[in-house]
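Visitor: This structure is in structure tokens; I'll ask about it shortly.
The values are calculated or read from the model by the stated rules, or taken from the named source; none is laboratory data. These numbers were taken from a predicted model, which means no experiment stands behind them. As a convention, Cβ positions derive from the backbone with ideal geometry for all residues, glycine included, and neighbour counts pool all protein chains shown. Keep in mind that these areas ignore ligands, DNA and RNA; they rest on the heavy atoms of the full protein, side chains included. Shrake-Rupley method; radii C 1.70, N 1.55, O 1.52, S 1.80 Å.
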Amino acid sequence: MENSLSPASIADNLETSVVGQRVIYYPSLTSTMVVAKREVQRGAAEGTVIIADEQTAGKGRKKRIWLSPRGNIALSIILYPSIVYLPSLVMLASLAVVYSIESVTGLKPQLKWPNDVLIKGRKVCGILIESGVRGRKVDYAIVGIGVNVNLRLVGFPEISAVTTSLSDELGREVPQIDLIRRLLVEVEKLYLALPSGESVYQEWRDRLVTLGRRVQVSWGKTEYEGIAESVARDGSLLLRCSDGSLTKIVAGDVTLRDYE
Ligand code: BTN
């Protein structure tokens with residue numbers, strides 16, 4: 001598919017007032033997270049988007065590498081939220097991805113706690129939030145979103161069992177630009193709605209395929225197993241263990257034990 005990414009193609013007539021009003025585009029860079037951090041230090045405006053066609057050192061959670069060749073979406077959004085909204089960023093980012101994929105492709109993604117977007121059980125998007133906090137003040141938050149759009153998994157047998165892309169699911173390429181613009185609009189809608197209260201947490205909770213399932217959660221060297229009973233408003237997972245106790249898990253990788 002012809003590459004037509006540019007700041008203008010993303011930002012022109014974009015129906016937002018904050019998110020994507022400034023777009024910094026690179027054909028190739030190490031990681032949009034690294035460049036976003038630099039832009040924060042230079043005083044970037046809220047909503048600034050750093051986007052790249054290709055990342056050569058994309059960052060995943062837990063210091064993993066995130067593969068992001070051309071044809072996918074790799075972007076970071078700079079925000080300056082109040083500390084009370086910090087836990088909601090991962091919820092709003094994953095919901096925005098779900099809504100934009102639904103609207104542009106008609107596919108029906110699912111959410112796996114804490115922030116994976118899946119299609120038919122395989123990961124199509126990863127989200128990474130980095131923030132700087134001093135006391136009760138958030139200096140910055142960077143919302144990194146990577147979507148496998150036109151990635152041909154046949155070229156990556158080592159990850160194809162657990163990973164998918166929109167083009168592999170649809171059997172055709174997907175215009176990145178439509179998805180990027182929709183995504184920025186959805187992020188803004190949810191971000192500006194945060195002060196109104198309930199909606200982001202409830203919508204995110206209702207979309208989680210994890211709840212009610214038998215799961216294994218690993219975080220560092222610690223492993224938990226049990227039924228994912230619910231999620232707290234701060235995003236943590238409440239796991240009912242086999243001894244009946246309820247464990248609150250703040251972060252981790254979930255394997256759905258009963259996934260079919
Ligand atoms: C994960 O491990 O699931 C999170 C992956 C996050 C990848 C995105 S791509 C855009 C942004 N830049 C990065 O280097 N990482 C995030």
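Visitor: Using only the Cα atoms of the range 146-231, build the gyration tensor, take square roots of its eigenvalues as a ≥ b ≥ c, and label the shape rounded, prolate or oblate: rounded if a/c is under 1.5, else prolate if a/b is larger than b/c, else oblate. Intermediate results must be reported in sequence, preceding the final value.
Guide: Numbers: a/c = 2.55, a/b = 1.09, b/c = 2.34.
Note, shape of the range 146-231 comes out oblate.
Visitor: In whole Å, how far is the Cα centre of the range 160-206 from that of the range 39-117?
Guide: Answer, in whole Å: 9.
Visitor: OK, next. For the chain, give the share of DSSP beta bridges that are antiparallel, in percent and rounded to the nearest 5; count only bridges with both residues there. Can you show the working numbers first?
Guide: Details: 49 of 57 bridges.
The antiparallel fraction comes to roughly 85 percent.
Visitor: Further, regarding this structure: Which value, in Å², gives the accessible area per residue of the range 101-203 when a 1.4 Å probe is used on the protein heavy atoms? Don't skip to the end; give the middle numbers.
Guide: Working: 4330 Å² over 103 residues.
For the range 101-203, the per-residue accessible area is 42 Å².
Visitor: Less than 13 Å Cβ to Cβ from SER245, Lys/Arg counted +1 and Asp/Glu -1: what total charge do the surrounding residues give? Display every interim value, and only then the final one.
Guide: Working: positive: ARG240, LYS248; negative: GLU225, GLU229, ASP243.
In short, -1.
Visitor: Now, a different point. In terms of the Cα gyration tensor, with a ≥ b ≥ c the square roots of its eigenvalues, is the range 1-115 rounded because a/c is under 1.5, prolate because a/b exceeds b/c, or oblate?
Guide: Working: a/c = 1.13, a/b = 1.02, b/c = 1.10.
Cα axes put the range 1-115 in the rounded bin.
Visitor: Can you tally the net charge around ILE24? Count Lys and Arg as +1, Asp and Glu as -1, for every other residue whose Cβ sits under 11 Å from the Cβ of ILE24.
Guide: Details: positive: ARG22, ARG38, ARG42; negative: GLU39.
Combined, the nearby Lys, Arg, Asp and Glu give +2.
Visitor: Suppose the chain between VAL133 and THR222 were pulled fully straight at 0.36 nm per residue; how much longer would it get relative to their current alpha carbon spacing?
Guide: Working: separation 89, 0.36 × 89 = 32.04 nm, distance 2.62 nm.
Full extension from VAL133 to THR222 adds 29.4 nm.
Visitor: In the Gaussian network model of the chain, springs joining C-alpha atoms below 10 Å, which of SER28, SER242, SER68 carries the largest mean-square fluctuation?
Guide: SER242
Visitor: Something else now. Name the lysines eligible as straight-distance cross-link partners of LYS59: C-alpha to C-alpha under 22 Å, and not fewer than 8 places from it in the same chain.
Guide: Reachable lysines: LYS37, LYS112, LYS123, LYS221.
Visitor: Rounded if a/c is under 1.5, else prolate if a/b is larger than b/c, else oblate: which is the chain, with a ≥ b ≥ c the root eigenvalues of its Cα gyration tensor?
Guide: Details: a/c = 1.67, a/b = 1.24, b/c = 1.35.
Oblate, because a/c is 1.5 or more while a/b does not exceed b/c.
Visitor: Contour minus end-to-end for ARG152 and SER82, with contour as 0.36 nm per residue of separation and end-to-end as the Cα-Cα distance? Could the numbers behind the result be given before it?
Guide: Values: separation 70, 0.36 × 70 = 25.20 nm, distance 3.94 nm.
Full extension from ARG152 to SER82 adds 21.3 nm.
Visitor: Specify the residue with the greatest mean-square fluctuation among VAL117, VAL19, VAL133, computed from a Gaussian network of the chain linking alpha-carbon atoms under 10 Å apart.
Guide: With Cα springs under 10 Å in the chain, the top fluctuation among VAL117, VAL19, VAL133 is at VAL133.
Visitor: With +1 on the Cβ of every Lys and Arg and -1 on the Cβ of every Asp and Glu, and nothing else charged, how large is the dipole of the range 45-139 about its Cα centre, in debye rounded to the nearest 20?
Guide: Dipole magnitude for the range 45-139 comes out near 500 debye.
Visitor: In nm, what is the difference between 0.36 nm times the number of residues separating ALA251 and THR56 and their Cα-Cα distance? Before the final figure, lay out the partial values.
Guide: On the way: separation 195, 0.36 × 195 = 70.20 nm, distance 2.65 nm.
Here the answer is 67.5 nm.
Visitor: How much of the DSSP beta bridge set in the range 1-98 is antiparallel, as a percent to the nearest 5?
Guide: Numbers: 7 of 13 bridges.
So the antiparallel bridges amount to about 55 percent of the total.
Visitor: Using a Gaussian network model of the chain whose springs link C-alpha atoms within less than 10 Å, name the residue from ASP12, ASP178, ASP234 with the highest mean-square fluctuation.
Guide: Judging by the Gaussian network model, the answer is ASP12.
Visitor: Working with all protein chains in place, sort SER94, SER4 by solvent-accessible area computed with a 1.4 Å probe, largest first. Let's see the in-between values first.
Guide: Values: SER94 0, SER4 70 Å².
Sorted by accessible area, descending: SER4, SER94.
Visitor: Could you tell me what percent of the accessible area of the chain is made up of carbon and sulfur, with a 1.4 Å probe and every protein chain present?
Guide: Answer for the chain is 51 percent, counting heavy atoms of protein chains only.
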